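No value in this document is a laboratory result; all are computed from the given coordinates. The structure displayed is predicted, hence computed values, not measured ones. Here the Cβ positions follow ideal geometry from the backbone for every residue, glycine too, while neighbour counts run over all protein chains shown.
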Amino acid sequence: MKNKMQRKRSPEELRSHRWFGVTDMRSFAHRSRAKQMGYGHDDYAGKPVIAIINTWSDLTTCHSHFRERAEEVKRGVWQAGGFPVEIPALPLNETYMKPSPMMYRNLLAMEVEELLRCQPIDGVVLMGGCDKTTPGLLMGAMSMDLPAIYLPAGPMLRGNWNGQVLGSGSDVWKYWAEKCAGNITEAEWNEMEDGIARSPGHCMTMGTASTMTAIAETLGFTLPGASSIPAVDANHSRLAAGCGRRIVEMIWEDLKPSDILTMKSFDNAITADMAIGGSTNAIIHMVAMAGRAGIKLELKKFDEISQRTPMIANLRPSGKHLMEDFYYSGGLRALLWQIRELLDLDCTTVNGQTIGENISGAKVHNTEVIRSIDDPVAPQGGTAILYGNLAPNGAVIKPTAAEKRLLQHTGHAVVFRDYNDMAARMDNEDLRCDENSVIVLQNAGPLGGPGMPEWGMLPIPKKLLKKGVRDMVRISDARMSGTAYGACVLHVSPESYIGGPLAFVRDGDLIELDVPNRKLNLQISDDEMAKRQAEWVKPQRRYERGFGALFSEHVTQADQGCDFDFLHAGAGTPEPEIH
Ligand code: FES
């Protein structure tokens, strides 16, 4: 690695040289069209061409500062002697896209890979942050394997209502339950709407966005400390310019994702995920990202690392504070330094330093927010993997965000066959359930949802909310927002829509959840299970055309990362002929 970084490439070795640097008829067109944009020979000749892939849109509210940031990245690129080109890419947003932006994560990854391949690009700054943009951008860049650096959007400022701090997502669920129970007025609810999203930036709880940007940093794809900086902090603008300067150097050094990604860097990322109490969604995304790098991550690895990693970030939904507090307390660098004995400190990062060099000596400024290994928020990581006859290929739960009494629980199933069925019947007064029931939602997985919508924090029936019940065991093949909480078993695999055992659960069946022993079982005999399987009717295929048809044909199950089967690392794709 060191030898490779010491040798500087020549301009003739740049990928873009084949477009701009040769003297044939096509290169005439390439140069004259650059001049059409007002760029002269000195602007681009012999310089690395840097793509700034920007997932801005008017509906991607978490990225509303990205037009400004793209200009700041360009400033850094110019300063370092590169030629910046901004390229828009699928602006996945968590709030407005239905049925779920998860259905389109792989489309963004494909788009990024092909945008880089078919154009004169030498390296890329990836601009994302809202949940699915981080894995989508990184997966595409990993497959293309050009020098790449990630600029995370940064979290938004704390929410505020009536003198109280509000956290994205987490406090919506919390206060919605109070409203349903009659404890919050319509006027108070409307006031919260004004105060919960106060600035540009992604959700500021330790939801999926904060988790995935922390993972990107731990994997080595960001400048040190990048993932913790609030979106509107002036340090974030300086970070953007720094990304622009650094990517130019990375191209001369030929420092690529394949130089950074190893099994050890993924182990580090999983360890960080557990220590921050990260989103359950991170498991799916990490399996998919590793698959792009040719690394197989088994679900049991997450459980092994979880069991040896204390959760030390005191952040909602598993803890108390928000990302702004995390930043002021030292941010991810300080957290990683606290758990350094659990990390491989020799892994390479985009600045050419090791992760150990990047975090060395980082201080914790508030031990209430970033705790220590000896005084953790929870003795183990934020995620557990369950197996049993209900989830032969695994299921996921976030025990740190659940009521402890429910972590070993057996109860009678109340089954909803899909989301609409649940919405229609959940609040019926005659629904046969009590606080010990186990609520089951079928057909919400990768194909059944489709796209595994974040329905997994299944609602609690209104009649139980009124009795003060705030958590119950809930099981589905859906995902759950990283900002959500509760005893919710998620990602049950294989999913019910393709005939996984979750499809065979019936009202009144007994289901056993045993988190300490990692078990999830439907208490029926093998004969009865086989009989129900034989009676099961396969649903009709959902899509016959368009992206939905491609998705239906090729998406893998949750335990395999929900990537498309033809996008896993493999033989590689040839470079285009430049004719
Ligand atoms: Fe974008 Fe939550 S809506 S991160």
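A few remarks follow.
- Mean separation of Cα contacts under 8 Å, 6 or more apart, over the residue count of region 442-579: relative contact order %: 20 percent
- Out of every Cα-Cα pair that region 430-579 contains, those further apart than 26 angstrom amount to 37 percent.
- The alpha-carbon of Lys35 sits under 19 angstrom from the alpha-carbons of these lysines, leaving out residues fewer than 8 places away in its chain: Lys47, Lys74.
- In a fully extended conformation the segment linking His554 and Asp194 would gain 125.4 nm over its present Cα-Cα distance, using 0.36 nm per residue.
- With θ taken as phi - 60° and the Karplus curve 6.51 cos²θ - 1.76 cosθ + 1.60 applied, the whole-hertz 3J(HN,Hα) list for region 186-193 is 4, 5, 5, 4, 5, 5, 4, 4 Hz, x standing for glycine and proline.
- Net charge of the neighbourhood of Gly40, taken over other residues with C-beta under 15 Å away and scored Lys/Arg +1, Asp/Glu -1, is +2.
- Extended-chain gain in nm, criterion 0.36 nm per residue less alpha-carbon gap, Glu298 and Thr410: 37.6 nm
- Computed magnitude of the charge dipole of region 310-420 (debye, nearest 20; Cβ of K, R +1, Cβ of D, E -1): 380 debye
- Note on region 384-439: Cα-Cα pairs beyond 12 Å make up 75% of the total pair count.
- Rg and Dmax of region 469-543, both derived from C-alpha coordinates alone, stand at 14.0, 40 Å.
- Of all DSSP beta bridges confined to the chain, the antiparallel ones make up roughly 45%.
- Electrostatic dipole magnitude of region 1-83 [Cβ: Lys, Arg +1; Asp, Glu -1; Cα centre; debye, to 20]: 440 debye
- Positive-end residue of Thr573, Ala288, Gly38, charge dipole of the chain with Cβ unit charges: Gly38
- Percentage, to the nearest whole number, of Cα pairs in region 409-491 over 16 Å apart: 48 percent
- Subset of Lys174/Lys300; Lys264/Lys300; Lys174/Lys404; Lys463/Lys538 violating a 26 Å alpha-carbon distance limit: Lys174/Lys300; Lys463/Lys538
- Vicinal HN-Hα couplings computed from phi for region 396-402 (Karplus, 6.51 cos²θ - 1.76 cosθ + 1.60; Hz; Gly/Pro x): 10, 9, 10, x, 5, 10, 10
- Farthest positive-ward along the chain dipole, Cα basis, beta-carbon charges - from Trp173, Ile339, Val440: Ile339
- In plain terms, the chain from Ser57 to Arg340 could stretch by 98.1 nm, reckoned as 0.36 nm per residue minus the Cα-Cα distance.
- Structural size metrics of region 108-185, computed from C-alpha coordinates, are Rg and Dmax of 19.5, 59 Å.
- Percent breakdown of C-alpha pair distances by 10 Å bin, ordered from the shortest bin, for region 2-65: 18, 34, 23, 22, 3
- Per the chain, cysteines lacking a partner by the 4.7 Å Cβ criterion: Cys118, Cys180, Cys203, Cys243, Cys347, Cys433, Cys488, Cys562
- By average C-beta atoms within 10 angstrom, highest first, the peptides 472-481, 522-531: 472-481, 522-531
- Where N is the number of residues in region 41-171, Cα Rg divided by 2.2 N^0.38 Å: 1.16
- The charge dipole of the chain, taken about its Cα centre with unit charges on the Cβ of Lys, Arg, Asp and Glu (plus for the first two, minus for the last two), comes to roughly 700 debye.
- Computed on the chain, with alpha-carbon pairs under 8 angstrom and 6+ residues apart, the relative contact order is 14 percent.
- Alpha-carbon centroids, region 267-339 and region 84-112: separation in whole Å: 23 Å
- Straight-distance candidates among the aspartates and glutamates for linking to Lys467, with alpha-carbon spacing under 19 Å and chain neighbours fewer than 8 residues away dropped: Glu178, Glu403, Asp427, Glu429, Asp430, Asp434, Glu435.
- For q = 0.07 Å⁻¹, Debye-computed log10 I/I(0) when each Cα of the chain counts as one equal scatterer: -0.41
- When the inverse distances between all different Cα atoms of region 151-296 are averaged and flipped, the Kirkwood radius reads 17.2 angstrom.
- Protection proxy ranking for 163-173, 376-386, 413-423, using the average of other Cβ atoms within 10 Å per residue and placing the highest first: 376-386, 163-173, 413-423.
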